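Taken together, the values in this text are just the output of simple stated rules run on the coordinates, not laboratory data. Here the structure is a predicted model, which means the values were calculated and not measured.
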Amino acid sequence: MSSDLKRSVEFCLKNLKDRGVKRINVVAPSTSSKKTEQAAATKSLIPELDINSNLKQYTDLEDVKKDLGNCERCQLGGMRTNIVFGEGNPKAELMFIGEGPGEDEDKTGRPFVGRAGQLLTKIIEAMGLKREDVYIANIVKCRPPGNRAPVDEEIIKCAPYLMGQISVIKPKIIVTLGSPATCTLFNKKIKISLVRGEFYDWNYGIKLMPTFHPAYLLRNPKDKGLVWEDMKKVMSLLGLKPKHTGE
Ligand code: SF4
């Protein structure tokens, strides 16, 4: 492990300890393909947060929202226009998690409504679903300036509310969109290209499927087919039939 990574892990662990976290689990891939074995072998020293016993128990999403309040627990609170809490079916079997709101999301208070969001909507619809059928959220609920990725402190401060949402919704599958969301839910630094396209066992019996972020697909449309392959695996597990074969 590099010294930077070691420092980052130690910082995260100290923060978790300060938050009362007593136990952490190591994530395990639910399949044993060469790709997941490679990812696990190179990165398995960094543990995943155990959200089953360590975080506040919420009764429903309104309870989480109330607890979040007019949050300014991290520096992003002073820069936002709107908190982007997340939206969708509170009993969704499928949840999508991205990294953070962009300009359009900050303006509207809704997740994934810009160009990348429109692509995500197309993907969801191609899966035979509507946005209202799934739940869409982000790792941080306020826009990072210049659309940069959230930094560790912001993720640590905001994660308990995302974990609260997950613990209330209890989806069957979480699709993490891009590296920051995937790293946060694994609680380790990993390359999305190494782990995408495979299911991983996560907390609450939830399966986690990492895939590319729609914003990445806008820049690299040639990889849309890879995401569609990933979504077909998700659909298979949910017993869904596609509307069409994707782009
Ligand atoms: S990003 Fe999350 S923790 Fe930071 S101010 Fe916004 S809601 Fe609060």
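Could you tell me which of the pairs LYS130/LYS188; LYS141/LYS189; LYS65/LYS232; LYS66/LYS207; LYS65/LYS233 are separated by over 30 angstrom between their Cα atoms in the structure shown? All intermediate terms of the calculation are to be shown ahead of the outcome.
On the way: LYS130/LYS188 32 Å; LYS141/LYS189 21 Å; LYS65/LYS232 32 Å; LYS66/LYS207 28 Å; LYS65/LYS233 32 Å.
In this structure, LYS130/LYS188; LYS65/LYS232; LYS65/LYS233 exceed 30 Å between Cα atoms.
Rounded to whole numbers, the Karplus 3J(HN,Hα) couplings from phi for the stretch 193-205 are 5, 7, 10, 5, x, 10, 7, 10, 6, 10, 5, 6, x Hz, using 6.51 cos²θ - 1.76 cosθ + 1.60 with θ = phi - 60°, and x at Gly and Pro. Based on the Stokes-Einstein relation at 20 °C and a viscosity of 1.002 mPa s, and on the Kirkwood radius from alpha carbon pairs, the stretch 95-247 is assigned a translational diffusion coefficient of 139 µm²/s.
May I ask for log10 I(q)/I(0) of the stretch 181-221 at q = 0.20, 0.30 Å⁻¹, from a Debye sum over the Cα atoms as equal point scatterers with solvent left out? One equal scatterer on each Cα of the stretch 181-221 leads to -0.64, -1.11.
Here the Kirkwood formula puts the hydrodynamic radius of the stretch 94-144 at 11.0 Å, using every distinct Cα pair.
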